[in-house]
Every structure is written in structure tokens, then in C-alpha cells.
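Below is one structure; the comments refer to it alone.
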Amino acid sequence: MTSTPREFTASGMAVRTAAILFVFVIAFTGLLSAAYLWTRPAIEASALAEKMKLLNDVLPAADYDNRLLEDTLQLPPTPELGLKEASTLYRARQGGRPAALVFEAVATDGYAGNIRLLVAIRADGTVAGVRVTQHKETPGLGDYIEPKKDKNKTQPWIGQFVGRSLANTAEKAWRVRKDGGEIEYRAGATVTPRAVTKAVHNAVRWADSRRDQLFAEGTGQ
């Protein structure tokens, strides 16, 4: 007896192809899920390490002993800080006592747009550190606001805010020298340092007026 080759109808071929594609999709999705679950811990650990590095850039790790990433407050949009969206504030403590506040601020009047900052203000009102986290300023002209791009590695421009407070720096001194203040700037780039200086000053005033409330909120004290 001679066997007759099996013939597939158009509809049968479509079903067969769909079934094969379905199997491939399920298998591929499973592999992606397995890869994600496998790498997720490493990715999360890397993200946390990067966040802690940035936080410790503005506030030395030796200056607090609490779990900084866990002692937080969620801030609503805060116009005083130039923030149109919610943000996270970190509260540093040493021996259970307030040590510093670390939070975001935005200079909304940069030369090429917003300049995002991370600012640390100690409990005594002095600036512990400032870092620019995002900007679009002109390369080679206004990007010296970032320490890694500042040619002066021993005394980066952004470092001149450290130690300043409302108590030791007069209102008019919170300006670049061109405007009669104490903040140095680079020739040819006045708008950028002026915007950052204004934003840092606003951040210092905002934290100074709310320091006790921010440290106590959500602690049951």
C-alpha cells in the first residue's frame, strides 16, 4: 500500500504557524523573566550603591550613623525649591540627633534650562555639600559647575558653598561677584553660576525655616 503525503489546507497551515509562534513567545518570555529575576538583585544593589555614592558626595558618611535611605520624607511639589514634582528628602542623624537634611533643588533660570541639584544642609544651618545632578549648560563654558568637568580639581567651583549659612553669609553675599556678592564665577559664564547660587540660597532658606518640623515629621516625636 502506498502512503499519500499529508496535505495541509491554508487554514491548517495558519493554525500550525500560530501554534509554533505561540510556543516561541512563551519560551522567549520565560527566558526574559528568568534573566530579569536572576539579575534583579544585582541591578537593585548597583542602583542603591550609586544613590549612596551621590548622597555621600554631599554629606560624608562619617557625619551620620542612621540608615539614610530609610529615614525619608516624601515632599510634594515645592516651588521654593524649584520643584514641580514630588521628591524625596533624606534625614541624616548622628546618635539619634538631627545631623543634616539632603534634598533636591532646581535652578530654573540656567542658561540652557533647568539645573538639578542635590543639596545637604547640616542641622546648624550650614551647607555640607552641593552637587549638580543634571544640566544642559554649554559644554566647556558653563559645565564647570560639575566637579568632574571642572578643571580645578583641588578646589572645584561648586565647593565654595560648603560651610556657608544664613548666619555667616549676608543676604547680598549670596550672589556672584559680578552682582556684588562673594561667589566666584568664570569669565564668559555668568548666567549659570548665578542660577546655581540663587537655587542654593533658596534651599538654605527653605531648610532653615523648616528644619525642626522636617526632622520631627513622621517620627512620632
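The values are calculated or read from the model by the stated rules, or taken from the named source; none is laboratory data. This is a predicted model, so every value here is computed, not measured. Cβ atoms come from the backbone with ideal geometry, glycine included; neighbour counts cover every protein chain shown. With ligands, DNA and RNA removed, areas are computed over all heavy atoms of the protein, side chains included. Shrake-Rupley method; radii C 1.70, N 1.55, O 1.52, S 1.80 Å.
Data for the structure
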{"quantity": "The range 81-165: C-alpha gyration tensor shape, a/c 1.5 cut-off, then a/b vs b/c", "calculated": "oblate"}
{"quantity": "Long-range HN-HN contacts of Leu75 with modeled amide H, under 5 Å", "calculated": "Ser87, Thr88, Leu89"}
{"quantity": "Per residue value of the accessible surface for the range 61-114 (all protein chains in place, 1.4 Å probe), Å²", "calculated": "52"}
{"quantity": "Charge context of Glu217, other residues only, Cβ under 10 angstrom, K/R +1, D/E -1", "calculated": "+1"}
{"quantity": "Whether the range 67-221 is rounded, prolate or oblate, judged on the alpha carbon gyration tensor where a/c under 1.5 counts as rounded", "calculated": "prolate"}
{"quantity": "Sparse-neighbourhood loop sites, GluC sites (Glu not before Pro) in the range 120-221 - DSSP loop, at most 13 other Cβ within 10 angstrom", "calculated": "Glu184, Glu217"}
{"quantity": "Rounded percent of accessible protein surface that carbon and sulfur make up, the range 108-180, 1.4 Å probe", "calculated": "48"}
{"quantity": "Linear extension gain, Asn152 paired with Thr108, 0.36 nm per residue minus alpha-carbon span", "calculated": "13.3 nm"}
{"quantity": "Mean Cβ count within 10 Å, highest first, over the residues of peptides 59-67, 19-27, 118-126", "calculated": "118-126, 59-67, 19-27"}
{"quantity": "Sites Met52 and Ala173 - FRET efficiency at Förster radius 35 Å, r taken between beta-carbons, to 0.05", "calculated": "0.60"}
